[in-house]
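In what follows, a single structure is set out as structure tokens and then discussed.
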Amino acid sequence: MIGHIVRRLIVVAAVAVLAVSAAHDTAAAWGYQGHKVVGSIADRLLKDTNAGRKVGEILGTDLRTAGPWMDCLKAVRRDDNDNYAYTIDPEHLEYEVPCTKFKTPELRDEMVAFVKRNWFTCTYLPDGVHQRGCHETYHFDDVALQRGRFDRAFAGTNPHDLVAAINAAVAVLQGKPAPPPFAIASKREALFMLAHFLGDLHQPLHVGSVYLDAAGGRIDPDAAHPADPATETAGANFIQDENINLHREWDDIPTDLGEAATRELLADARSQPATPGSLDDWPAAWASDSITVAQQAFAGLTFTPGGAQRWTVTFDDHATYLRAQDAIKRKQLAKAGAHLAELLKAIWP
Ligand SMILES: [Zn+2]
């Protein structure tokens, strides 16, 4: 399964230039199939609701189609003359599959405008040299498993991380200005963001991360300030498992799910409990939940240096791990769809 996307690194402007050595274009939050499934669950849950009508009015399409939009933005490149253009990579035509719905000139212009506006709003130098668009940081956090919950004070978070991006999009949909560094020009853009980022928020390796020393031993990045960038696994993008990195392995969804809500996922989504507390606190609470899930995702794993990435993973019991992984993915997709619908209903009761 093809997961498009380019991912991340903790963006610590002060250390980024020195710190980060290897370029890493890797898969991101759920393959596009996962984002479509999450959107599809929410579409079904919002059928005949005020929020569902609002989504249709604003997007002119459904959440299932909108889900991959934030990843499609990664095709927008900036050249040395400060020109931005949507550029199809002939080496990776598969990246275009979920993006063909946005291929008219007007829709491409809309993507270019968003990227241009959100490029230099933070420093993002994943290879230590080339600035990438700040918008690419909106997709993730890298909170250490040891924390067990989300807090902006922890290593692996920043003011333009996944939780901040969701809160910013919610603010815009509530008619408030987008908090900096987010440059969100319309409710339509904000809705494209939520349609995607609720999926990312429930991929456990998009929120929780393991940090390793050179020998593959687990370390606590919050014990040293600042954390040593050489210990980052970038949500396990730097950890190889046979022919795929561990992050990508978690992005891929069980193939029997296809690209839309199944009866089982819908039933699970409908059984999710209502989220307590204030809407403003929901994204952080859901991130905390994903960190506890990430603890399970990294249980029974051992790491050794080297291989195709900085580290290679081995499993205490691979068959058991794969079964648990499959079950976790299904659960998280259902939760993501339920929470996307819950959020939009709270915004448009
Ligand atoms: Zn993403």
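For the pair residue 91 and residue 113, the difference between a 0.36 nm per residue extended length and the Cα-Cα distance amounts to 5.5 nm.
What the pair-distance distribution of the chain shows, using all Cα-Cα distances binned every 20 Å from zero, is 33, 61, 6 percent.
Taken about its Cα centre, the chain carries a charge dipole of roughly 1060 debye when the Cβ of each Lys and Arg holds +1 and the Cβ of each Asp and Glu holds -1. The H on the amide N of residue 211, modeled in the peptide plane, is under 5 Å from the matching H of 145, 219, each at least 5 residues off or on a different chain. Once the chain from residue 316 to residue 81 is taken as fully extended at 0.36 nm per residue, the excess over their C-alpha distance is 79.5 nm. Close amide H contacts of residue 203 (hydrogens built in the peptide plane, cut-off under 5 Å, sequence separation of 5 or more or a different chain): none are found. Normalised by the number of residues in the chain, the average gap of Cα pairs under 8 Å and 6 or more apart makes the relative contact order 25 percent. Model label points for residue 230 and residue 47, set 7 angstrom from Cα along the Cα-to-Cβ axis, are 5.6 nm apart. Scanning residues 5 or more positions from residue 237 or on other chains, those with amide H under 5 Å from its amide H are 247, with H placed 1.01 Å from N in the peptide plane.
Residue ranges 332-339, 150-157 sort as 332-339, 150-157 when ordered by packing (mean number of other C-beta atoms within 10 Å per residue, highest first).
Rule-based calculations on the coordinates, nothing more; no lab input. Only a predicted model underlies this, so the values are computations on that prediction, with no experimental measurement involved. Neighbour counts are summed over all protein chains in view; Cβ atoms, including those assigned to glycine, are modelled from backbone coordinates with ideal geometry.
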